[in-house]
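Reviewing the structure listed below.
The values are calculated or read from the model by the stated rules, or taken from the named source; none is laboratory data. Model, not experiment: these values are computed from the prediction. Every residue, glycine among them, receives a Cβ derived from its backbone with ideal geometry; neighbour counts consider all protein chains shown.
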Amino acid sequence: MLNGKTIIVGVTGGIAAYKACELVSRLKKQNADVWVVMTREATKLIGPITLRTLSGNPVVTDLFADELAGLPVPHIALAQKADIIIIAPCTANIIGKIAGGIADDALTTIVMASTARKLIAPAMNCEMWRNPLVQKNVNELRVAGHEFIGPEAGKLACGVEDIGKMSKPRAIVKQAIKLLAGDVEGSTPDLHGKRVLITAGGTREAIDPVRFIGNRSSGKMGYALAEAAQKRGADVTLVSGPTALAAPDGVTVIKVEDAKGMHEAVLANRPGQNIIIMAAAVADYRPTITYWQKLKKESDTIKLELSKTVDILADLGRLKNGTRLIGFAAETNDHIENAKTKMSEKNLDLIVVNDASAIEQDSSEIKIIDKQGKIEEHPELSKRESADRILDAVLRL
Ligand code: CTP
């Protein structure tokens, strides 16, 4: 499957470095030409001779090593040779260096000099992975087109059960094969030919020309979903409430203001959609009367009467004819129970539950529930990664 492909395997200083042996031999079994580049720390955890034997090529630990004397400018020669660079395991330090544009060793120099696809398999302690600075770097790399696989939840080297394990070498090889075969830049085109409608952000219900009732939604989850679906080959329409976010490339964005506008836009664009994901925080109530002139500060108290807005998702559930319908439930209590009730009342195929505290944040801990009541739990992930996990679940339906 990897005949004629040159693959650089970057190995960095994590306990999972020993798994690079299995990764390299699996890549060799696929007939790839494998070149291993190790950081100095990685050489303390596993011997370069082992990887040299398994790969059949010199192992690069230093750009000035005698072994590379045959290559005129080694980092450029290797960078240009590669069809894909896989970094497994990848430490928080190397993620940070690449995101920060630092090239101070053989691996980071080759990565910087290469236009090849990059597949990163992080492995680290759970708190390191959750560190907002690490998550920021991961997000930046994703935006720059680097693909991530894992980390997975499981027993970590420090003894705790949590997120941080490197993905299995078999899964990494499978992902590399998909990336090299796919024609959608940087991603697997498994949504190719599908039409996906996504809503995002909060709605604003006008009180008067200058005031509104709103909520804290930033739109990050819906925008991450739109970006992920587009990267996976879907034809994406994003109906968005007011947000500060930039429209993802290649996505049709329809801007709306309030629940009524969102309802109209969703219904108008519903025909022909294969998947509809309601990630928007739609207001449940709007002022019964919207004043067309600015309310004056006259009395000490004022009463605002509110009326229910239409439940867009419930409406879609009633109209459903083959479209996969996915809802969200942001809860402060009884998360699973409340989400299950919403799922059956709104006739959904999947519901994604998170804690209401995730609103506005860059990451969240999500649970995906299906109609059979099966719960898929994900540890804290960036919203962009959660988006891919949600789309994976939709594709499994
Ligand atoms: N939703 C919708 N239209 C509304 C309200 C909610 O389409 N008027 C959708 C949301 O986009 C989300 C799902 O319904 O996908 C659940 O929204 P949520 O606010 O968690 O629950 P509600 O149904 O509004 O119930 P409650 O506020 O009582 O929890």
Problem set entry | Residue identified as in a loop (DSSP other than H, G, I, E, B), within 15 Å of the ligand (Cβ to nearest atom) and over 23 Å from Gly261 (Cβ atoms) among Asn347, Asn321, Asn354, Asn338 | Asn347
Problem set entry | Members of the stretch 127-181 found to be of a type in the set (A, V, I, L, M) and in contact with a Phe, Trp or Tyr (Cβ under 7 Å, 6 or more places away or on another chain), listed by number | Val138, Ile163
Exercise. Under 15 Å from the mean Cα position of the chain (by Cα) and either within 16 Å of the ligand (Cβ to nearest atom) or in the same structural domain as Ala279 (by TED's automatic domain parsing) (or both), is that true of Gly214?
Worked result: no
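Results for (1) over 26 Å from Leu350 (Cβ atoms); (2) at pLDDT below 95, shown as yes or no for each residue.
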{"residue": "Ile276", "(1), (2)": "no, no"}
{"residue": "Val282", "(1), (2)": "no, no"}
{"residue": "Arg286", "(1), (2)": "yes, no"}
{"residue": "Glu298", "(1), (2)": "yes, yes"}
{"residue": "Lys303", "(1), (2)": "yes, yes"}
{"residue": "Ile312", "(1), (2)": "no, no"}
{"residue": "Asp315", "(1), (2)": "no, no"}
Problem set entry | Residue list for the stretch 27-69, filter: among the polar types (S, T, N, Q) and in contact with a Gly (Cβ under 6 Å, 6 or more places away or on another chain) | Thr39
For this session: Go through (1) over 20 Å from Glu264 (Cβ atoms); (2) more than 9 Å from the ligand (Cβ to nearest atom) and name the single condition Ala329 misses.
Result: (2)
Exercise. Do you know which residues across the stretch 148-169 are of a type in the set (D, E, K, R), modelled with pLDDT of 90 or more and part of a strand (DSSP E or B)?
Worked result: Lys165
Seminar exercise, completed: Across (1) away from the ligand (no atom under 13 Å from the Cβ); (2) of a type outside the set (Ser, Thr, Tyr); (3) surrounded by 15 or more Cβ atoms within 10 Å (Cβ to Cβ); (4) part of a loop (DSSP other than H, G, I, E, B), Val253 clears everything bar (4)
Problem set entry | Matching residues, the stretch 371-397, being in a loop (DSSP other than H, G, I, E, B), within 16 Å of Asp190 (Cβ to Cβ) and touching a helix residue (DSSP H, G or I) at 6+ places or on another chain (Cβ under 6 Å) | none
For this session: Pick out the one residue from Ile277, Ile302, Ile289 that is touching a helix residue (DSSP H, G or I) at 6+ places or on another chain (Cβ under 7 Å) and either under 22 Å from Gly214 (Cβ atoms) or within 13 Å of the ligand (Cβ to nearest atom) (or both).
Result: Ile277
Problem set entry | Single residue of Pro242, Pro271, Pro248 found to be farther than 27 Å from Asp355 by Cα and either assigned to a helix (DSSP H, G or I) or away from the ligand (no atom under 12 Å from the Cβ) (or both) | Pro271
Problem set entry | Tabulated pairs, the stretch 151-174, first assigned by TED's automatic domain parsing to the domain that holds Cys126 and more than 18 Å from Ile86 (Cβ to Cβ), second surrounded by 14 or more Cβ atoms within 10 Å (Cβ to Cβ) and among the small types (Gly, Ala, Ser), C-beta under 6 angstrom, 6+ apart or interchain | Leu156/Gly164; Ile163/Ala153
Exercise. Which pairs have Cβ atoms under 7 Å, sit 6 or more apart or on different chains, and link a residue in the stretch 273-292 that is free of Cβ contacts under 8 Å to residues at least 60 places away in the same chain and β-branched (Val, Ile, Thr) to one that is within 16 Å of the ligand (Cβ to nearest atom) and not in a loop (DSSP other than H, G, I, E, B)?
Worked result: Thr288/Leu306; Thr288/Ser307
